[in-house]
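The values are calculated or read from the model by the stated rules, or taken from the named source; none is laboratory data. If you're wondering where the values come from, they're calculated on a predicted model, not measured in any experiment. All Cβ positions, even for glycine, are placed from backbone atoms using ideal geometry, and neighbour counts span all protein chains on display. Surface areas here come from the heavy atoms of the whole protein model, side chains and all, with no ligands, DNA or RNA. Shrake-Rupley method; radii C 1.70, N 1.55, O 1.52, S 1.80 Å.
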Amino acid sequence: MSKLGTLGARLYRGEVGYDFVGKRKIWYGISILITITAIVGLAVRGLTMGIEFEGGAVFTTPKTTASASQAESAAKAASGHEAIVQKLGNDTLRITIGGIDTAKSDQIKTELAKDLKLRANDINADLVGPSWGETIANKAWTGLIVFMILVVIYLAIAFEWRMALAALVALIHDLTITVGIYALVGFEVTPGTVIGLLTILGYSLYDTVVVFDGLKEGQKGITKQTRLTYSEMANKSLNGTLVRSINTTVVALLPVAGLLFIGGGVLGAGMLNDISLSLFVGLAAGAYSSIFIATPLVADLKETMPEMKALKKRVLAKRAAAAAKGETEEEPQDTAPFDEADDEGETAGAVVGQRRQPSRNNRGKRR
């Protein structure tokens, strides 16, 4: 078995583990800092909306020796607006200019042909009206809101409202970071971007549901034992699915990274950047939020329940009594749901995820 596979098995059995939930204040602080940075970038720089949303024209030239920078300068001089120029694989240029009408488009086309030493009839011009872009934007917002509502309803039914709330916070967290990165990088927001955003929401939700399913199993009968608090149980369940989450994220990121860095960067297929950047940032943010945001937030919400507060007091009291007697038993490895028999003759250690050694009394009985 590979080292990663061995580590995954040990994490699942509870032999090793990292205290993600116990260090949740650190993760909350990091997330707040990243989110504030994204919001500031969005407020200062704003989003570069594609012509599908604000209207404009796209000019496609035939094969030309002109560079992208030359075409950008010529388009800006002819239109008075900022232009986005992409050099396509067959030495043609795609020039996007927003906020112009049909009459202005014809004038720009003529001047571009003159500056780039081309015939005006060889330049193809596609116009998009602002009303169409507004319709697309409204539909995108409607789809996003409906998606969020359905997610909350489903998770509240399948799990509970606390998990639904934590998942919603994680989704908003992922969206904010992705949109903020778009603002800071300056990539165009196109319908492909919207498709990418909706895709990462589905992925982030999938990763979160996998973790929550482990929480749902782990919390069965938790109030009938005094070995673990809810937060410790949540951390154990999270460690059990950690390698699966990492493997899923890496496998999903590799092809997206190929689209972004090779397709968009090396090969110059700039149109791939629209969807690949949102997918790359969103997939990474979704994996992060599932581990560092959603699960610790569920633990915080559950710890406010009276029965969980009472459980925590019993666990801490039993550990204090065990410490006073000099006993150092630690948590057993089993991952089955708790039952009443689990609590007989056991005292819990302070470290979650280590192998439990038999007590002196038990060793005596075996002899």
Are any residues in region 161-185 open to solvent by 30 Å² or more (accessible area, probe 1.4 Å) and out of contact with any Lys or Arg (no Cβ under 7 Å at 6 or more places or on another chain), and if so, which ones?
W161, L165, L168, V169, I172, T176, V179, I181, V185
From the set of residues in region 90-103 that are assigned to a loop (DSSP other than H, G, I, E, B) and in contact with a Lys or Arg (Cβ under 9 Å, 6 or more places away or on another chain), which is surrounded by the most Cβ atoms within 10 Å (Cβ to Cβ)?
T92
When you go through (1) modelled with pLDDT under 80; (2) closer than 16 Å to G282 by Cβ one by one for L197, which number turns out not to apply?
(1)
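Rundown of residues vs (1) surrounded by fewer than 18 Cβ atoms within 10 Å (Cβ to Cβ); (2) charged (D, E, K, R); (3) farther than 30 Å from I145 by Cβ, yes/no style:
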site: L205; (1), (2), (3): no, no, no
site: D213; (1), (2), (3): yes, yes, no
site: K216; (1), (2), (3): yes, yes, no
site: T223; (1), (2), (3): yes, no, yes
site: S231; (1), (2), (3): no, no, yes
site: A234; (1), (2), (3): no, no, no
site: T241; (1), (2), (3): no, no, no
Mind listing whichever residues of region 289-323 are in a loop (DSSP other than H, G, I, E, B) and open to solvent by 50 Å² or more (accessible area, probe 1.4 Å)?
T304
Would you check if there is a residue in region 56-65 being open to solvent by 70 Å² or more (accessible area, probe 1.4 Å), touching a residue at least 12 places away in the same chain (Cβ under 8 Å) and part of a helix (DSSP H, G or I)?
no
Take N273 and tell me if it is modelled with pLDDT of 80 or more, buried (at least 21 other Cβ atoms within 10 Å of the Cβ), in contact with a Gly (Cβ under 7 Å, 6 or more places away or on another chain) and assigned to a helix (DSSP H, G or I).
no
Looking at K117, K109, which is the one that is in a helix (DSSP H, G or I) and either closer than 30 Å to S73 by Cβ or open to solvent by 30 Å² or more (accessible area, probe 1.4 Å) (or both)?
K109
Would you confirm whether or not region 24-40 contains a residue that is in contact with a strand residue (DSSP E or B) (Cβ under 7 Å, 6 or more places away or on another chain) and open to solvent by 70 Å² or more (accessible area, probe 1.4 Å)?
no
Suppose we filter G282, G265, G286, G326 for residues that are outside any loop (DSSP other than H, G, I, E, B), at pLDDT below 90 and more than 30 Å from L93 (Cα to Cα); which single one remains?
G286
Any chance you could count how many residues in region 30-55 are assigned to a helix (DSSP H, G or I) and over 30 Å from D106 (Cα atoms)?
15
Would you mind stating whether L127 is over 24 Å from F59 (Cβ atoms) and not β-branched (V, I, T)?
no
Please verify whether region 191-202 includes one or more residues that are out of contact with any Asp or Glu (no Cβ under 6 Å at 6 or more places or on another chain), among the β-branched types (V, I, T) and closer than 23 Å to A158 by Cα.
yes
Quick check on region 78-89. Is at least one of its residues open to solvent by less than 50 Å² (accessible area, probe 1.4 Å), without any contact (Cβ under 8 Å) to a residue 60 or more places away in the chain and closer than 22 Å to D274 by Cα?
yes
